[in-house]
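The values are calculated or read from the model by the stated rules, or taken from the named source; none is laboratory data. The model shown is predicted, which means the values in this text are computed figures rather than measured ones. Cβ atoms come from the backbone with ideal geometry, glycine included; neighbour counts cover every protein chain shown. Calculation scope for accessible area: heavy atoms of the full protein, side chains included, ligands and nucleic acids excluded. Shrake-Rupley method; radii C 1.70, N 1.55, O 1.52, S 1.80 Å.
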Amino acid sequence: APYAHQLQAWQILAQQPAQSLIVTSGTGSGKTECFMVPILDQLAREQLGLGGQLVGVRALFLYPLNALINSQRDRLRAWTHGFGTNIRFCLYNGLTPETVPANAVAPADSEVKDRRSLRAAPPPILVTNATMLEYMLVRAQDASILEKSSGKLEWIVLDEAHTYVGSQAAELALLIRRVVHAFGVKPENLRFVATSATIGDP
């Protein structure tokens, strides 16, 4: 059974027009499920209607550390496995290789494991950090990610939101504005979710 804060988050994020929220709850209390379940629900419905592979980034997850990015791999694999390659994800950081051998990718693997595949057919879920996102906006070789995702971005998730303070927070806010423009979407059509286990009682 879901926690009360999870159910409340699902109800808010299902509303139209798009709603945003901050989830502050203790470590290990299921903050990730607050946004992951609505995102996967929406992607599953879209994929069912399309009847094929979803191409183009719909959900952008920003994590401050590579370790946090990599910690999502098993969870995302488990949740997307049943869709084969129709709903995919990519963990995009400085360690993502340019290419991987063909025999290293399972035929129905939902994880995009290299940059060439990411650029050829961007997955609906992109997990990255602010530095890689900055590079993606300016590098010519990443332009296809933006082109193939134009108008499709619907979710921006900031995990560990408390780590963005002072000038770093200001830089991230400006970066997000550029991201919204680069993806060709309007802020009012996006759902922003921020999570933290250490924001105090207001």
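One table, with the values for the structure above:
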{"item": "Selection from the range 32-72 of residues that are within 21 Å of Ile145 (Cβ to Cβ), open to solvent by 70 Å² or more (accessible area, probe 1.4 Å) and part of a helix (DSSP H, G or I)", "result": "Leu50"}
{"item": "Subset of the range 22-31 (residues that are among the hydrophobic types (A, V, I, L, M, F, W, C) and buried (at least 16 other Cβ atoms within 10 Å of the Cβ))", "result": "Val23"}
{"item": "The range 155-202, subset among the acidic types (Asp, Glu) and closer than 21 Å to Thr131 by Cα, residue surrounded by the fewest Cβ atoms within 10 Å (Cβ to Cβ)", "result": "Glu171"}
{"item": "Subset of the range 74-86 (residues that are part of a helix (DSSP H, G or I) and either within 18 Å of the chain's Cα centre (by Cα) or under 16 Å from Leu133 (Cα atoms) (or both))", "result": "Asp74, Arg75, Leu76, Arg77, Ala78, Trp79, Thr80, His81, Phe83"}
{"item": "Val57 touching a His at 6+ places or on another chain (Cβ under 8 Å), under 17 Å from Phe192 (Cα atoms) and in contact (Cβ under 8 Å) with a residue 40 or more places away in the chain", "result": "no"}
{"item": "Test: residue in the range 112-122 that is at pLDDT 90 or above and in contact with a Leu (Cβ under 7 Å, 6 or more places away or on another chain)", "result": "yes"}
{"item": "Residue check for Ala143: surrounded by 13 or more Cβ atoms within 10 Å (Cβ to Cβ), small (Gly, Ala, Ser) and at pLDDT 95 or above", "result": "yes"}
{"item": "Condition met for Tyr63 (under 18 Å from Thr131 (Cα atoms) and touching a Lys or Arg at 6+ places or on another chain (Cβ under 9 Å))", "result": "no"}
{"item": "When residues of the range 141-188 are limited to those that are free of Cβ contacts under 8 Å to residues at least 12 places away in the same chain and under 25 Å from Ser29 (Cβ atoms), the one nearest to the chain's Cα centre (by Cα)", "result": "Ala169"}
{"item": "Residue match in the range 23-31 (condition: in a helix (DSSP H, G or I), within 19 Å of Ile156 (Cβ to Cβ) and touching a residue at least 12 places away in the same chain (Cβ under 8 Å))", "result": "yes"}
